[in-house]
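See below for the structure under consideration.
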Amino acid sequence: MTAPSRESIGDLSPQDFERHATGLTAWIRTYLEHPERYPVRSRLAPGALRAGLPSAAPAQGDPLEAILADLDRVIVPGVTHWNHPGFLAYFANTASVPGILAELVTAALNQVGILWRTSPALAELEQVTTGWLRDAMGLPGDWFGMITDTASTSTLLALAAARERDPALEIRQKGMAGRTDLPRLRVYCSTQAHSSVDKAAITLGLGAENVVRIATDEAFRMRADLLESSMGADRAAGYRPLAVVATLGTTSTTSVDPIPAIAALCQREGAWLHVDAAYGGAMGLLAERRDLFAGVRAADSVVMNPHKWLFTPMDCSVLWTAHPAVLRRTFSLTPAYLQTDEQEIALSYSDYSFQLGRRFRALKLWFVMRAFGVEGLAARVRHHCALATTFASWVQAHPEWEVVAPVPMSVVCFRHRPAGMTDERALEAHNAAILERVNASGEVFLSHTKLGDRYALRVAIGNLRTTEAHLATAWRLLGEAALS
Ligand code: PLP
């Protein structure tokens, strides 16, 4: 048998890499320079990208030239441009230059963080960067940090640890099914909390109906008095208040729950306090806005997402806990093939999560934090808040538009309210039509939410390239759409 050629069984050459990477960096540079060439939201019809591609992978490899050429032809039309300065929907974010560079290195180094020894750099840089961020946000210096893919995972891990804190429940060993000795375990959050809390409860077998949604006040903050009565009623019914998820920066309006009062109740009830600061966590960098963080130091865990408002490319979520031993007890499980001599002295993140292997996400956080510096990051977050205040002032100044929620961070919820239109359903249809018209322009992309029965438009500022001019464009388009 003749030996196969290197080309047929090996990788492409490093020289090939360099040649194509040079072209690709030029492509990325052009993309970052001119994202405004594209409509912000992809105009592709559902199924169109799939329909345009072969139903099977090529039997023989395609040349890289052809693959790269297809980026513009096939992929870009299906891209919604989160890196576009007119992206004002959901929670706008940025894949910043240092973050993009770090992702390239991450792929090249291909670290698989199973154990400390499979990547000491990954294990230790994750401790360093989560420590840097923790300290920059004024969180307690002894909290343990880890990086996950998303806030949904971080919250899942936190609630798993909350359940493991009482070893008498023996859930790790015996599970929950068929157990008549277990009380119902309850998790509380506000009606404004993110659906990841429900998903965590579903995944952990706590059950969706054991997530108790507490009503909010006029500023969309959890009502601590109702939390107290709900916990009391549950106790009286023989249920166990397991955890409260307080939100620091809710998804719709960025409202902040009254964490000091909630922390006191958690203390009294022995419930775990998890703070969801997935978006709002970045505000912790602003010394002048630390008031938003009152009570957070009493939490048992906190999540914040650098991939939301800290200019780190998707994905990067940080979970801190005051109880690493509980998190470790929840997940540590080392099969014989993973036992090592250093396991007592060297931290392996697989002991703290259901995942074994992990990506080297700390590298991009390290690049981002070093390239901008803590003050530079704070300046950018502060600037976004100022832009939001400016936009809110335009809305407020107009007799037919109204801001419908306080603006504590960089999100403005508002709506058009023409004279004489008072019916909520009519206002919803009218504002939904405005949104469609504005988004169809391709110049900006806004999203919406519902606040009780009120439909609201949302402008979220979190992209490093967004300027007041982009907001002025959005405001002009809104005005035109409201008249048409
Ligand atoms: N928590 C809050 C407050 C959010 O707004 C979101 C998403 O927007 C999440 C959690 C879920 O984030 P992820 O997509 O990282 O799971």
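The values are calculated or read from the model by the stated rules, or taken from the named source; none is laboratory data. All values reported here derive from a predicted model rather than from experimental measurement. Please note: Cβ atoms are built from the backbone with ideal geometry, for glycine as well, and neighbour counts cover all protein chains shown. Only protein heavy atoms, including side chains, enter the accessible area calculation; ligands, DNA and RNA are left aside. Shrake-Rupley method; radii C 1.70, N 1.55, O 1.52, S 1.80 Å.
Here are the numbers:
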quantity	calculated
Inter-probe distance in nm under a simple model that places probes 7 Å from Cα toward Cβ, at I9 and E218	7.6
Region 134-203 shape via C-alpha gyration tensor axes, a/c threshold 1.5	prolate
Heavy-atom accessible area ranking, 1.4 Å probe, most first, across F360, F367	F367, F360
Quarter of the Cα convex hull surface for the chain, i.e. its orientation-mean projected area (nm²)	28.3
Mean Cβ count within 10 Å, highest first, over the residues of peptides 58-64, 308-314	308-314, 58-64
Cα centre as origin, Lys/Arg/Asp/Glu Cβ charges: the chain dipole, Debye	440
Phi-based couplings in Hz for region 88-95 (Karplus 6.51, -1.76, 1.60; Gly and Pro marked x)	10, 9, 6, 10, 5, 9, 9, 8
Span from the region 188-247 Cα centroid across to the region 426-453 one, whole angstrom	30
The chain, helix-only ellipticity at 222 nm - DSSP H runs n ≥ 4, -39,500 (n - 2.57), divided by all residues, nearest 500	-12500 deg cm²/dmol
Packing rank of 245-255, 463-473, 12-22, 271-281, where each peptide gets the mean count of other beta carbons within 10 Å, highest leading	271-281, 245-255, 463-473, 12-22
Dipole of the chain, positive end: most advanced residue of P260, P54, L12 [Cβ charges, Cα centre]	P260
Accessible surface, per residue, of region 112-359 when the full set of protein chains is kept, probe 1.4 Å, Å²	38
Helix runs (DSSP H) in the chain reaching 30 Å along axis by Cα, Kyte-Doolittle at least -0.5	362-397
Lysine pairs with alpha-carbon atoms under 23 Å apart, the chain, spacing 8 or more or separate chains	5
Sequence-separation-based contact order of region 112-359, relative, with Cα cut under 8 Å and 6+ spacing, percent	26
Gap separating the Cα centres of region 110-129 and region 364-423, nearest whole Å	37
L182 versus V76: modelled label distance in nm, points set 7 Å from Cα along the beta carbon direction	5.2
Contact order normalised by residue count of the chain, Cα under 8 Å, 6+ apart, percent	21
Lys/Arg +1, Asp/Glu -1 at C-beta; the chain dipole; positive extreme among G357, L133, M409	M409
Amide H contacts under 5 Å for L273, placed H, 5+ residues apart	V244, D300, S301
Length added when fully stretched, S55-A432, from 0.36 nm per residue minus Cα-Cα	132.0 nm
Paired Rg and Dmax values of region 112-359, which use every Cα atom, in angstrom	17.8, 57
Mean Cβ neighbour count within 10 Å, used as a protection proxy, ranking 24-31, 192-199, 234-241, 427-434 highest first	192-199, 427-434, 234-241, 24-31
